[in-house]
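One structure is given below, encoded as structure tokens.
The values are calculated or read from the model by the stated rules, or taken from the named source; none is laboratory data. In this text, all values refer to a predicted model and were calculated from it rather than measured experimentally. With ideal geometry, Cβ positions are generated from the backbone for all residues, glycine too; neighbour counts draw on all protein chains shown.
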Amino acid sequence: MTDIVASYDALPALCERVAKAARVGVDTEFHAERTYAPRLMVVQLAFEDGSVEVDPIAIPDLDALSVALGETTVVGHALSSDLKIFADRFGRVPSKVFDCQVAASFLGYGMQVSLADLVRDVCKVRLAKSQTVSDWSARPFTPKQIDYLVDDVNYLFALQDALTERLASAGRLEWALAESAQLGEMDRYRSDERRGLLRISGSNRMNRRELGVLSQLLVLRDRIARERDIPPKYVMPDDVMAGLATLRPKHAEDLAQLRRLDAGMRRNLGDAILAAVARGEAIPEEDLPEKAARPLGNARETLVALLGVAAGEIARGHDLPQSRVVPRAALERVAREIPSDREAFARTLGIEGWRLELIGDPLWGLLCGTGVARVEGYLEGDPKIVFTHDRERQEL
């Protein structure tokens, strides 16, 4: 049986329990379809001696709980979305984190293994996931909902212990711990203006002044969406934003040139839009956003593909997902910038530690011609790409 904390009177004792625990399992249920930010509906906590369901509808201010979680090690599965809610809502995230999905990715499970699949494989328990699309705003919880909530945290410690043992045996525990630790860094959850710009279709064709105007329109849309607690696209769709950035209207009558900017939107937002455009026009030239990188072109796209094949095969040989080892964006930087020596190559890749140790020399050797990639086992029906670095053994 799980406890339900649904009053401020019970919150101090719970926070004390959390802060004193060596580790606490954490999961959340939230609704995100029609609000600016995901709306927290349930916080599930697991302790060594039981679980607790916290009701954020009954206790809207859970800041004290977020502080208490910073005193312990938080254990969870696919925690980034849960912690993003904490970052947005409380301005902090727990600094000590163990993510079972992240840990499993270092043991051959891929990047997106589900909790149910991991529990079934590691704990030999089949979870009933019948409440995946349940309405978590409804009260009281049904028995099936309670069972679902408990199951979401009930096996986290068993998973952590088993995965930790396997990772230690494989010599990858430090890799997984370092990766999980990144989830406890607030910078990870802060909005990135450049990423926001690039998400607007057509922004890659805009000049820097148009991007400056777009940046101010995004600030306006975000502020209104936050105030109204609605998704930003409900304020102004992306295509309208792009149209305004390229039109750069100066007068109210200019707004009528955009068919998708209807009369109601012009009436309610017209003055604010014109003010945002004016702010974008006033940004000093040196402070304007940089243009999106130009397409690589066929030759360098081919180079990225080759490096991707190499990185993917190295990752596969170590039973790791390629995206865990090196992102495509890093390979694109190498193809675009053409670093001239090994040190510059490492800086351009932007990876370090075990990642650089794993793929740095093979990729650099491939680029410099001192390494060779060849296919072995194809005629036997088991093709593998093999990399060699000893030039004397590479002569074909």
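A few comments on the model shown:
- R172 fulfils the conditions (1) more than 30 Å from G50 (Cβ to Cβ); (2) touching a strand residue (DSSP E or B) at 6+ places or on another chain (Cβ under 9 Å) except for a single criterion, (2).
- Selection of the stretch 112-158 for residues being touching a strand residue (DSSP E or B) at 6+ places or on another chain (Cβ under 7 Å) and part of a helix (DSSP H, G or I) yields L149, V150, D152, V153, N154, L156, F157.
- Counting the residues of the stretch 106-136 that are more than 25 Å from the chain's Cα centre (by Cα) and surrounded by fewer than 12 Cβ atoms within 10 Å (Cβ to Cβ) gives 4.
- Taking the listed residues A344, A330, the one that is at pLDDT 95 or above and either among the acidic types (D, E) or within 22 Å of the chain's Cα centre (by Cα) (or both) is A330, with no other qualifying.
- Within the stretch 16-29, the set of residues being out of contact with any helix residue (DSSP H, G or I) (no Cβ under 6 Å at 6 or more places or on another chain) and either modelled with pLDDT under 95 or buried (at least 21 other Cβ atoms within 10 Å of the Cβ) (or both) comprises V26, E29.
- Some residue of the stretch 376-388 being of a type in the set (A, V, I, L, M, F, W, C), at pLDDT 85 or above, in the same structural domain as A315 (by TED's automatic domain parsing) and assigned to a helix (DSSP H, G or I): no
- Within the stretch 30-69, the set of residues being out of contact with any helix residue (DSSP H, G or I) (no Cβ under 8 Å at 6 or more places or on another chain) and either among the aromatic types (F, W, Y) or crowded, with 18+ Cβ neighbours inside 10 Å (or both) comprises R39, M41, D55, P56.
- Number of positions in the stretch 49-60 that are part of a loop (DSSP other than H, G, I, E, B) and either on the phi > 0 side of the Ramachandran plot or without any contact (Cβ under 8 Å) to a residue 12 or more places away in the chain (or both): 2
- Candidate set: the stretch 98-125, residues that are small (G, A, S) and touching a Leu at 6+ places or on another chain (Cβ under 6 Å); chosen: the one nearest to A176 (Cα to Cα): A103
- Taken together, the residues in the stretch 182-200 that are of a type in the set (S, T, N, Q) and part of a loop (DSSP other than H, G, I, E, B) amount to 1.
- Residues of the stretch 347-363 that turn out to be over 27 Å from the mean Cα position of the chain (by Cα) and modelled with pLDDT of 95 or more, as a count: 0
- Yes/no for I314 being in contact with a helix residue (DSSP H, G or I) (Cβ under 8 Å, 6 or more places away or on another chain), modelled with pLDDT of 95 or more and among the hydrophobic types (A, V, I, L, M, F, W, C): no
- Subset of the stretch 194-226 that is charged (D, E, K, R) and within 25 Å of the chain's Cα centre (by Cα) - its residue that is nearest to L261 (Cα to Cα): R221
- Qualifying residue in the stretch 270-289 (condition: within 27 Å of the chain's Cα centre (by Cα) and either closer than 30 Å to R209 by Cα or of a type in the set (K, R) (or both)): yes
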